[in-house]
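Engineer: Below you will find the structure I want to go over with you.
The values are calculated or read from the model by the stated rules, or taken from the named source; none is laboratory data. Just so it is clear, the structure is predicted and the values come from calculations on it, not from any experiment. A quick note on method: Cβ atoms are made from the backbone with ideal geometry, for glycine too, and the neighbour counts reach across all protein chains shown. In case anyone asks, the SASA skips ligands and DNA or RNA and just uses the protein heavy atoms, side chains included. Shrake-Rupley method; radii C 1.70, N 1.55, O 1.52, S 1.80 Å.
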Amino acid sequence: LGGVGWFDLDDEAEADNVLNAMATGADVLLFDVPGGGATKIAGNARDPEGFVEAFSSRGYDVAMVLVFTPFHDAVATCATTVGFYGARPGLRYYAVKNHPTDESLSLTAKTQKTLDWIYYEPDLPGAEPLFDGFTGREIVESVAGRTFEYRALPTRHLLRLNRYGVGFQEAVETERGPLAGDFALRGSVSNWLRLAEAPLETILSDAGF
């Protein structure tokens, strides 16, 4: 680990730190950006080809991991990012479907899918191809992107974690505090972390990490 830094992508001078991070010589550079920020990391010149080439010329591959919920704006951000960077050597896309809560998981599988992913999955009843006539998955796959899925935690457990300010790993390991005796929550979080490892390991392996 070479270190952790923070900078504002809306500030031109600070945005330069994305490319300047290569000066650290680190094997892996990780940039965690908010929703809609994936297009900003190419800098104010908005030059996606030059951005990817800058990394490729120094031996780095670029992996875009797009985590999104079923909501239209979230899927639209995924589609916009792919449309901005396009398909080019040295760039991979990984789309991760993230259920915001488990409410839909209590429905039948057919109803759940119809309600949840109509903007992303082309084969669902009620699918809506709102992105130039395509669904999110079709856009991701047009650039050889791969799709993964994270299951949801029970909403009641998310609410308790939020109330007490307890992180996922902390919830599993803690033997003190307000959640120490909530074995149902701790077991649920432990299982969620275990299931989340599978797509993450696949992404990291495929990306060469």
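Engineer: For V28, all conditions in the list (1) at pLDDT below 85; (2) assigned to a loop (DSSP other than H, G, I, E, B); (3) β-branched (V, I, T) hold save one; what is the number of the exception?
Structural biologist: Only one criterion is unmet by V28, namely (1).
Engineer: Then there is this: Can you find a residue in the range 42-64 that is among the charged types (D, E, K, R), in contact with a helix residue (DSSP H, G or I) (Cβ under 6 Å, 6 or more places away or on another chain) and not in a helix (DSSP H, G or I)?
Structural biologist: yes
Engineer: Something else now. Quick one: which residue in R186, R163 is at pLDDT 90 or above, basic (K, R), open to solvent by less than 70 Å² (accessible area, probe 1.4 Å) and over 30 Å from G90 (Cβ atoms)?
Structural biologist: Unique residue meeting the criteria: R186.
Engineer: Something else: Quick one: count up the residues across the range 120-155 that are in a strand (DSSP E or B), of a type in the set (A, V, I, L, M, F, W, C) and under 21 Å from I203 (Cα atoms).
Structural biologist: 1
Engineer: In the range 91-111, how many residues are of a type outside the set (G, A, S), at pLDDT below 90 and open to solvent by 30 Å² or more (accessible area, probe 1.4 Å)?
Structural biologist: 10
Engineer: Name every residue in the range 139-148 that is farther than 14 Å from A74 by Cβ, open to solvent by less than 70 Å² (accessible area, probe 1.4 Å) and over 14 Å from the mean Cα position of the chain (by Cα), in order of residue number.
Structural biologist: V143 - this is the single residue of the range 139-148 that is farther than 14 Å from A74 by Cβ, open to solvent by less than 70 Å² (accessible area, probe 1.4 Å) and over 14 Å from the mean Cα position of the chain (by Cα).
Engineer: Identify the residue in the range 2-18 that is among the aliphatic types (A, V, I, L, M) and within 21 Å of the chain's Cα centre (by Cα) and, among all such residues, is surrounded by the fewest Cβ atoms within 10 Å (Cβ to Cβ).
Structural biologist: Across the range 2-18, the extreme among qualifying residues is V4.
Engineer: Given the conditions (1) open to solvent by 30 Å² or more (accessible area, probe 1.4 Å); (2) touching a Gly at 6+ places or on another chain (Cβ under 8 Å), report the number of the one that F71 does not fulfil.
Structural biologist: (2)
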